[in-house]
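The structure appears below as structure tokens.
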Amino acid sequence: MTIYGGVVDPAYSRLLIQKTDLPLADVLALDRIQKKLSLPDEAIARLKRMKLIEGRRPNYHVSAAVAAVTANKVDYIRTRAQDDEFYAKLLTDYLEKFSQASRAEINQLLMNKLSDALDDTQKYNKISNLLTKLRRREVIVNIGSDTAPCWQLAKSVAERK
């Protein structure tokens, strides 16, 4: 077993040891995940098999079970991704209420709702993918240009024609 540096949050590790039957190596690995530090591939694979962590490289986070034990439930919800339907509902509700939205308005609506595990570029790409998905399903339509998009619900545009 290799121990990387010291434990920055001894209360977190103590709580995990007391509330679970996890070996010290796994407790230290979870501590590193919580701090967004790197881990060897075999440690990541072991934690994933045990369903102690979730996410994709490099954005791993502790699972709901670990968050419940350590009282980090709010952080868990902030870092795990919601499903696309949640974000789509926010966007369609906005478009129903205000009839149209620019990309800047959509970014403002969704950026702070996306997982804290994503950086700004990843959040921007997630929003782009969501818009593409909704456009292909013919839920929304761009009535602006590529450089200055203006999104509306497709049914609203069809009703005006």
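Computed from the coordinates by the stated procedures, all read-outs in this text should not be read as laboratory data. Nothing here was measured: the structure is a model prediction, and the numbers come from that model. Cβ: placed from backbone, ideal geometry, glycine included. Neighbour counts: every protein chain shown.
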Here D for segment 84-160, in µm²/s, from Stokes-Einstein with a Kirkwood Rh over Cα pairs at 20 °C and 1.002 mPa s, works out to 170
Between Lys97 and Ile44, with labels modelled 7 Å along Cα→Cβ, what's the label distance in nm to one decimal, could you check?
3.9
Among 143-151, 101-109, what's the highest-first ranking by average C-beta atoms within 10 angstrom per residue?
101-109, 143-151
